[in-house]
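What follows is one structure encoded as structure tokens, with my remarks underneath.
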Amino acid sequence: MIFGLFKKKNSNQTIVNRQYYALTSGARIPVFYEDFGVPDTVMGRFEMLSIVMILFFRRTAKSGPSGQELAQEIVDAFFQDIDHSIRELGIGDQGVPKRMKKLAGMFYGRLETYAAALDSGDETALAAALHRNIHPKATDIQDMSALAHWMTTTETAMSAVSEDTISRGLLVVPEPVREGEEQ
């Protein structure tokens, strides 16, 4: 009977892997780095993956137990991926927990800040928060309004995704539209 619990989690692994791959692929769409002001650096990619994860978590927060279970497994995969990436960058075993704690704090701080702006529908505040987080040392103002707009429209699109699509790990991150193009 207890072995059934382990089997259930293992059967979800295919769904978790498929959904995590879709989310990470969505965070790597070149438009974010070429047109939306996100630097194509390790930290820029962390920022984009965090944004996509935040949007996914906000969507699954409204899901039933299976969607929330999937979200928890995606969170676990996200932080395992970050741990692996830190190690690949050459950080030693003793430095990893400190870095993980810092990155987790950054992620949850962004979740709170972006959620407040998204909940209020304030794209200007969202763009300002994106600028602070993505360009913390910039002396000039980077225009993050396209990314903020993409986030609000993506959240709306994700809210329309069926629970069946969520539970099967088939949510796809909407492609951003380059300036001057139509959807």
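The values are calculated or read from the model by the stated rules, or taken from the named source; none is laboratory data. It should be emphasised that the depicted structure is a prediction, and the values quoted were computed from it without experimental measurement. Positions of Cβ are backbone-derived with ideal geometry, glycine not excepted, and every protein chain shown enters the neighbour counts. Just so you know, the surface numbers come from the protein's heavy atoms only, side chains and all, with ligands and any DNA or RNA stripped out. Shrake-Rupley method; radii C 1.70, N 1.55, O 1.52, S 1.80 Å.
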Quick one: would you say residue 79 is open to solvent by less than 20 Å² (accessible area, probe 1.4 Å), aromatic (Phe, Trp, Tyr) and either at pLDDT below 85 or within 26 Å of residue 148 (Cβ to Cβ) (or both)?
-> no
Could you please find all residues in region 110-145 being among the small types (Gly, Ala, Ser), under 17 Å from the mean Cα position of the chain (by Cα) and open to solvent by 30 Å² or more (accessible area, probe 1.4 Å)?
-> 116
In the list 179, 175, 163, which residue meets the criterion of being surrounded by fewer than 18 Cβ atoms within 10 Å (Cβ to Cβ), modelled with pLDDT under 95, under 17 Å from the mean Cα position of the chain (by Cα) and of a type outside the set (A, V, I, L, M, F, W, C)?
-> 175
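Kindly evaluate residue 169 against the criterion of being modelled with pLDDT under 95 and loosely packed, with under 13 Cβ neighbours inside 10 Å. Walk me through how you get there before you give the answer.
Values: modelled with pLDDT under 95: yes; loosely packed, with under 13 Cβ neighbours inside 10 Å: no.
No: the conditions fail for residue 169.
Looking at region 33-52, which of its residues are aliphatic (A, V, I, L, M) and either farther than 12 Å from residue 158 by Cβ or open to solvent by 40 Å² or more (accessible area, probe 1.4 Å) (or both)?
38, 42, 43, 48, 49, 51
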Which pairs have Cβ atoms under 6 Å, sit 6 or more apart or on different chains, and link a residue in region 96-124 that is under 13 Å from residue 151 (Cβ atoms) and at pLDDT 85 or above to one that is among the small types (Gly, Ala, Ser) and assigned to a helix (DSSP H, G or I)?
-> 110/50; 113/129; 117/125; 117/129; 123/148
Between a first residue in region 18-31 that is aromatic (Phe, Trp, Tyr) and a second residue that is part of a helix (DSSP H, G or I) and buried (at least 18 other Cβ atoms within 10 Å of the Cβ), which pairs have beta carbons less than 6 Å apart while being 6 or more apart in sequence or on different chains?
-> 20/74; 20/77
Per-region count, region 144-164, residues over 13 Å from residue 58 (Cα atoms) and in contact with a Leu (Cβ under 7 Å, 6 or more places away or on another chain) | 3
